[in-house]
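For reference, the structure is listed below as structure tokens.
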Amino acid sequence: MSMKVVLFAVGCSALSFACSAQSSGDETQEIVDNLVQAGFPANDIQVVNGKVYTGRDAEVSLEASREMLEPTGSEEQYRTNNLVATNITNICVNGAAFTGKFSTALNNAITNYNNQGLRWHMTRTSGSTTGCSATITAHLTTGSGGVSGFPSGGRPFNAINIGSDLNSATFPTSTVTHVITHELGHTVGFRHSDFFNRSISCGGAAQNEGDGGVGAILIAGTPSGAQVGGSIMNSCFRTQETGKFTASDVTALQALY
């Protein structure tokens, strides 16, 4: 994962956050950023022929730099003030616009939620609303990220927008699954897990999304920190993702629903 990120909006409206991919370029910058975040002085970090060293002679790999940011219990989850009400039992997802990789990824994302035994179920449709307590429509849009919104009036947000550039071979189906699962997470009330410091997953300067007018409440049973790869709800994603919930994601879902 490179820390050269595609910039994205953090507040298109009070109910809309966009989530973008990181490019697949050189991993060097991420290693440097991880070392700085882990507490190494910037003047003690050197880059020589694409390799990163500390103390002039200790090469640091990408994996090792990530491990430096993994204290015990660092995964976390935050939610909005509004959640999906108890009368919502079948959330239909209209996937008529999705074909090929996007169709497969949408099915996988829906399965991610249905495998958790939550008090609501997700059902893919092609537009029918029969038997639906609420409907989310999946759209293709420009770019390589996603945009959705948060619940209102006890109902999930009614749309997810997924970037058509994710059809590139750069992004495997598992990564597209990650993006769709992430955007569906927003629709049922999940904030970015690193909302308080987007640089954790996006790189660059620290940026706090703040309350955003929708709340940022720590979910019981999940610690308050954040780490790269620690949650499917991180602000930015890597070009290679598993498309699966982490343990803290599951804890958060079970706590809320």
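The values are calculated or read from the model by the stated rules, or taken from the named source; none is laboratory data. Predicted model only: the values in this text are computed from it and were never measured. Please note: Cβ atoms are built from the backbone with ideal geometry, for glycine as well, and neighbour counts cover all protein chains shown. Ligands, DNA and RNA are stripped out before the accessible areas are found, and what is left, the full protein with its side chains, is counted by its heavy atoms. Shrake-Rupley method; radii C 1.70, N 1.55, O 1.52, S 1.80 Å.
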May I ask you to give the solvent-accessible area per residue for region 98-257, in square angstrom, as obtained with a 1.4 angstrom probe? 36 Å²
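Multiply the residue separation of Ser128 and Thr141 by 0.36 nm, subtract the distance between their alpha-carbon atoms, and state the gained length in nm to one decimal.
Values: separation 13, 0.36 × 13 = 4.68 nm, distance 2.21 nm.
Result for the pair: 2.5 nm of gain on full extension.
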Taking Leu184, Leu140 and ranking on accessible area (1.4 Å, protein atoms only), highest first, one gets Leu140, Leu184
Each label sits 7 Å from Cα toward the beta-carbon; between Ala255 and Asn158 the label points are separated, in nm, by 3.1 nm
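Mind giving me the FRET efficiency for Ala97 and Ala247? R0 is 30 Å, r the Cβ-Cβ distance, nearest 0.05 is fine.
Once the sixth-power term is evaluated, E becomes 0.40.
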Arg155 - accessible surface, heavy atoms, 1.4 Å probe, Å² rounded to 10: 110 Å²
If the chain between Gln240 and His121 were fully extended at 0.36 nm per residue, the gain over the current Cα-Cα distance would be 40.1 nm
Cα-Cα pairs above 17 Å in region 137-257: how many percent? 57 percent
What figure in square angstrom, to the nearest 10, would you give for the accessible area of Thr170 with a 1.4 Å probe? 60 Å²
If the chain between Gln46 and Asp165 were fully stretched, how many nm would it gain, using 0.36 nm times the residue separation less the Cα-Cα distance? 39.4 nm
At a 1.4 Å probe radius, which order do Asp194, Asp165, Asp33 fall into by accessible area, largest first? Asp165, Asp33, Asp194
Quick one: order Lys101, Lys51 from most to least accessible surface, probe 1.4 Å. Lys51, Lys101
